[in-house]
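The values are calculated or read from the model by the stated rules, or taken from the named source; none is laboratory data. Since this is a predicted model, take the numbers as computed values, not measurements. All Cβ positions, even for glycine, are placed from backbone atoms using ideal geometry, and neighbour counts span all protein chains on display. Remember, those area values only see protein heavy atoms, side chains included, never the ligands or the DNA or RNA. Shrake-Rupley method; radii C 1.70, N 1.55, O 1.52, S 1.80 Å.
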Amino acid sequence: MTKRRWPELDWWRHAALYGALLALGAVVLQWLDYRWLARTHSTEFYLLIVALGFLALGLYVGARVIGRPPSPRAPGNPQAQESLGISAREIAVLGELAGGYSNKEIARRLAVSPNTVKTHVARLFEKLGARRRTDAIARARELGLLP
């Protein structure tokens, strides 16, 4: 007596065989379609490959040549500022003076009273050895306190 195979097993084998044949047929059709496409549009494919190559090369060279931007330098000359004893608030007032603002405008922009601005300006004149605003701004630029 021979053993009979399970009918489900035969069904799975047939399904797997048909699936494999269909997949093989799809691969062959895709390959033929690619060959046709490559023959009819070969120039465009070559141009695309060359363009992608140049794009990659340009990105690489651009990243190497341009690189990272330099780290931002602290504004002003910290050594001169420290040696003259000029405070950060006085530097702010000096910058506003260089912008051509009046004491009232500086007070409004820095949110301080006009008397405080007058005090800062007087101390700046003293520390920079200036008699007028233009002298103070010129001296500050010489020392590198202002751009």
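Mind checking which residues of the range 103-147 are within 40 Å of the chain's Cα centre (by Cα), more than 15 Å from GLU90 (Cα to Cα) and outside any helix (DSSP H, G or I)?
Result: PRO147, single match.
Just one of (1) without any contact (Cβ under 8 Å) to a residue 40 or more places away in the chain; (2) surrounded by 11 or more Cβ atoms within 10 Å (Cβ to Cβ) trips up GLY144, so point out which.
GLY144 satisfies every listed condition except (1).
Among the residues of the range 81-100, are any of a type outside the set (D, E, K, R), within 20 Å of ALA140 (Cα to Cα), exposed (fewer than 13 other Cβ atoms within 10 Å of the Cβ) and touching a residue at least 24 places away in the same chain (Cβ under 8 Å)?
Of all residues in the range 81-100, those of a type outside the set (D, E, K, R) come to 81, 83-88, 91-95, 97-100.
Cutting the leftovers down to within 20 Å of ALA140 (Cα to Cα) gives us 81, 83-88, 91-95, 97-100.
Narrowing the set further to residues that are exposed (fewer than 13 other Cβ atoms within 10 Å of the Cβ) leaves 83, 85, 88, 99-100.
Next, only the ones that are touching a residue at least 24 places away in the same chain (Cβ under 8 Å) stay: 85.
Looking for residues that are of a type outside the set (D, E, K, R), within 20 Å of ALA140 (Cα to Cα), exposed (fewer than 13 other Cβ atoms within 10 Å of the Cβ) and touching a residue at least 24 places away in the same chain (Cβ under 8 Å), one finds at least one in the range 81-100, hence yes.
Between residues in the range 109-132 that are open to solvent by less than 60 Å² (accessible area, probe 1.4 Å) and residues that are of a type in the set (Asp, Glu), which pairs lie under 6 Å by C-beta distance while being six or more apart or on different chains?
HIS120/GLU90; LEU124/GLU90
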